[in-house]
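Shown next, in structure tokens, is the structure this report addresses.
The values are calculated or read from the model by the stated rules, or taken from the named source; none is laboratory data. Computed from a predicted model, the values in this text were never measured in an experiment. Quick reminder, even Gly has a Cβ in these numbers, built from the backbone with ideal geometry, and neighbours come from all protein chains shown.
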Amino acid sequence: MTHSADRASAAGHGLAHQDILSVNQFNTDMLGAIFALTDEMRSTVRASGGCDLLRHHVLTCLFYEPSTRTSASFIAAMERLGGSVIPITQGVQYSSVAKGESLPDTIRTVEQYSDAIVLRHPEVGSARVAAEAASKPVINAGDGAGEHPTQALLDLYTIHNELGTLDGLHIAMVGDLRFGRTVHSLTRLLLQYDVKLTFVSPEILRLPLDLMNAVRDAGLPVRETYSVADVIGDVDVLYVTRVQKERFTDLAQYDEAKGFYNITPDLMRDAKSRMVVMHPLPRVGEISDAVDTDPRAAYFRQMENGMFIRMALLAAVLGKA
Ligand code: NCD
């Protein structure tokens, strides 16, 4: 399917039979509808573990890059809705991809057996290529350093859930702002809200210029710094990320960039009593384990929200909610 943000209706989620390729396809009305549906999914799971909304529906999860949370939460989401999954998640190397099959051909194959496709792939733009080849909805679960729209939706949902609003918040993104696709998607989504943004990174991991220009064009207050200590006392959300080792062509540069940040209980002493620390995970040293018991550490709750959001998105794109 080709995406059709423009055809999506202004009221409601507008996602029935649509692809999810980029956060640019969402407006605040759609986000409100998706979050309401996500609340319903949460209640259903809490009350009875799941339902039969997607019975006899099949999802293909096609992952050309490693994944734990995204693949597991999509699989759990589909199964809690009564559907089933073809998981090509750990073993792409054992599929016909290893024989040299092209992405469009693999997509045209799996869509014969399934009603929607979740794709993670190392190349920017791959989800769009897949969507053009497919007649079923394609959901982008990360295209290289490009976007990760479903993660951004769960991040936004988590912020709203934890702090009760988005407007007026000071949100700091920390770490690999250059290659971190979750940062790219979340930043673009936040442009629709009245937030203040601070980007915290070493020089070589700064936010890409086009994205920084988009933030400026949106008229949001924004600044850059390399120091977490500079902002910790003022932020409502500290969104921490891992340095994306797999995107570096020069590992010496990675070695220089890694290990720059470590959020510790000591640092948290300077933070507001009502704020949240988030991370898309996996973490590789950016947040000390000793922070986990701090009630402001929201990254485990954030992960669970991923399943509820993906239940809502699957029900929506399959035209069942
Ligand atoms: C993120 C990703 O894959 O971009 N992980 C995830 O989906 N939760 C972040 C990362 O790998 O650092």
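One residue is enough: does the stretch 70-92 have a residue meeting the conditions away from the ligand (no atom under 16 Å from the Cβ), surrounded by fewer than 18 Cβ atoms within 10 Å (Cβ to Cβ), within 22 Å of the chain's Cα centre (by Cα) and charged (D, E, K, R)? Within the stretch 70-92, one or more residues are away from the ligand (no atom under 16 Å from the Cβ), surrounded by fewer than 18 Cβ atoms within 10 Å (Cβ to Cβ), within 22 Å of the chain's Cα centre (by Cα) and charged (D, E, K, R). Reported count of residues in the stretch 38-56, each being crowded, with 20+ Cβ neighbours inside 10 Å and either hydrophobic (A, V, I, L, M, F, W, C) or outside any helix (DSSP H, G or I) (or both), is 2.
Every listed requirement among (1) in a helix (DSSP H, G or I); (2) modelled with pLDDT of 95 or more; (3) not polar (S, T, N, Q) is met by Tyr254 save one, (2).
Residues are listed down the side, and each one gets a yes or a no for (1) over 25 Å from Thr225 (Cα atoms); (2) in contact (Cβ under 8 Å) with a residue 40 or more places away in the chain:
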residue	(1), (2)
Gly100	yes, no
Ser114	yes, yes
Val129	yes, no
Asp143	yes, no
Ala152	no, yes
Ile159	no, yes
Asp176	no, yes
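Of all residues in the stretch 168-205, those satisfying the criterion of being in a loop (DSSP other than H, G, I, E, B) and within 16 Å of the ligand (Cβ to nearest atom) are Gly175, Asp176, Leu177, Arg178, Phe179, Gly180, Ser201.
Please go through the stretch 57-69 and give me each residue that is within 16 Å of the ligand (Cβ to nearest atom) and part of a loop (DSSP other than H, G, I, E, B), ordered by number. Listed by number, the residues that qualify are Tyr64, Glu65, Pro66, Ser67, Thr68.
As a summary of the residue check, Ser273 satisfies the conditions (1) within 16 Å of the ligand (Cβ to nearest atom); (2) outside any helix (DSSP H, G or I); (3) at negative phi except for the one numbered (1). Quick one: is Tyr113 in a loop (DSSP other than H, G, I, E, B), modelled with pLDDT of 95 or more and either touching a Ser or Thr at 6+ places or on another chain (Cβ under 7 Å) or more than 22 Å from Leu31 (Cα to Cα) (or both)? For Tyr113, the condition - in a loop (DSSP other than H, G, I, E, B), modelled with pLDDT of 95 or more and either touching a Ser or Thr at 6+ places or on another chain (Cβ under 7 Å) or more than 22 Å from Leu31 (Cα to Cα) (or both) - is met. Here the condition is being assigned by TED's automatic domain parsing to the domain that holds Ile204 and β-branched (Val, Ile, Thr); of Ile171, Ile107, it holds for Ile171 alone.
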